[in-house]
C-alpha cells in the first residue's frame, strides 16, 4: 500500500464500473433491484442497466409534498428516498402462505408454493439498513420465524449507498440510524464525481469486489467520500427529541393533541404503507369456483383501517383519534417494549406522503408542551 492510499478495506472504481457490478450480480443469478423513475417518483424495481437509474434527478420533499427536479450534475444516487422501501421485496405486499387441494384421500395442505427470489438490492440508504435490521428482529428474532421473510432475507445481497445530501423531512440523526452506512451491508458505495468509493462489509462483498475492475482507494478519494457524507449530515435540520419518549407517550394517552391531530388525519393508511418497518397484515382465503383449491393469502394491512381492530363483535378503535394514537405510540413507545428498539428510523416518508402534511416530529413536540 502506498503512502497516498487509504486502507485496504476501501476500494475505488470509475463510473463505468457500476454497470460491471450489475452485470456480475446478474451473472451470479441475482435479480438486481435498484432506483428508477416511474409515474413521477423514484421507486425500486428490477434493473439491468445503469440507464434505468435516475441519473441527474433529485427529489424535493416537504410535509405532504414530493416532486422530482433535475440536478446540475449526472449523479445516479443524488436523491433521498421515495415511496418504496425494501420491505416490499423481503416482506411482499401479497403472499401465498399456504394451499389446500381436495383429493380422493381428503384435503392436502402445503406451504407457500412461491419460490424465493434471489435479490441484490442496489441503493440501500443507512435508514433503510436500520429498517431491515428492525424487521429482522420482528420476523427472525423470536420464537416464531416468518419463513417467507427468512428465505428472501438469507439470499439477499445488499449494496448500500451513503447519502451525500439530505431531504427536508429526514431526521435519521435523531434516531441514530444515519446518514452514514456502518453495518448491515455487503458493499457500501459513496458516489463521487468520477466514480465510487467502495467499503466491504462481508465475505460475499469481498468476492464481488474481486471480480470488478476496482483498486485500493487513494487517501484523497477516501477524504472526498468522507466530506460528501458529512455534507448530508450537516443538511439535516429536522429533529425528534427521543428523551424518555416511551414514557412521554404512554403517560399522555388522554392528551388533547390526539383529538387535534384526528381533525386533520384522513386515516388513509399512507404513512403505514410507505413506512419501511410497519408490518400489520390481514389474512384471507380464496377458493376456485369448484371449491377444490383454496389459497391462504397474506396482504399488507394498516392499524388505520377501521376493520383492523375488529374483535369479539366490535371495533376496539372506532375513531381516528384512537387509531392515530395506536400507530404513534406503537412506533415510538411500545415497540421498544416488544423489540428493544424504536420502530422509527427517521426516513421521513410518513411526513412526505401524508396528504394533509402531518409531521410526527411536530406531534411529539406538541405532547412535550413545545410550540409546534
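The values are calculated or read from the model by the stated rules, or taken from the named source; none is laboratory data. Fair warning: this is a prediction, and the values are worked out from it, not measured in the lab. Cβ placement follows ideal geometry from the backbone for every residue including glycine, while neighbour counts extend to all protein chains displayed.
So the values come out like this:
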| item | result |
| --- | --- |
| Tally, over the range 323-342, of residues that are surrounded by fewer than 17 Cβ atoms within 10 Å (Cβ to Cβ) and either within 24 Å of residue 260 (Cα to Cα) or outside the structural domain of residue 359 (by TED's automatic domain parsing) (or both) | 1 |
| Matching residues, the range 224-236, being surrounded by fewer than 19 Cβ atoms within 10 Å (Cβ to Cβ) and within 14 Å of residue 194 (Cβ to Cβ) | 224, 228 |
| Contacts under 6 angstrom Cβ, first residue in the range 115-143 being more than 28 Å from residue 53 (Cα to Cα), partner crowded, with 20+ Cβ neighbours inside 10 Å, 6 or more apart | 139/146; 139/149 |
| Residue within the range 182-203 that is buried (at least 17 other Cβ atoms within 10 Å of the Cβ), on the phi > 0 side of the Ramachandran plot, within 22 Å of the chain's Cα centre (by Cα) and in the same structural domain as residue 88 (by TED's automatic domain parsing) present | yes |
| Members of the range 61-92 found to be touching a strand residue (DSSP E or B) at 6+ places or on another chain (Cβ under 6 Å) and without any contact (Cβ under 8 Å) to a residue 40 or more places away in the chain, listed by number | 67, 68, 69, 71 |
| Flag if residue 246 is at pLDDT 95 or above, under 28 Å from residue 84 (Cβ atoms) and not in a loop (DSSP other than H, G, I, E, B) | no |
| Residues of the range 143-178 classified as part of a loop (DSSP other than H, G, I, E, B) and closer than 29 Å to residue 117 by Cβ, total | 9 |
| Some residue of the range 203-218 being outside any helix (DSSP H, G or I) and more than 30 Å from residue 24 (Cβ to Cβ) | no |
| Answer from 104, 48, 95, 14 - the residue that is surrounded by fewer than 16 Cβ atoms within 10 Å (Cβ to Cβ) and either within 30 Å of residue 284 (Cα to Cα) or without any contact (Cβ under 8 Å) to a residue 24 or more places away in the chain (or both) | 104 |
| The range 287-314, residues that are loosely packed, with under 15 Cβ neighbours inside 10 Å and either more than 26 Å from residue 265 (Cα to Cα) or over 30 Å from the mean Cα position of the chain (by Cα) (or both) | 287, 288, 289, 290, 291, 292, 293, 311, 312, 313, 314 |
| Test: residue in the range 276-283 that is out of contact with any helix residue (DSSP H, G or I) (no Cβ under 9 Å at 6 or more places or on another chain), more than 17 Å from residue 331 (Cβ to Cβ) and surrounded by 14 or more Cβ atoms within 10 Å (Cβ to Cβ) | no |
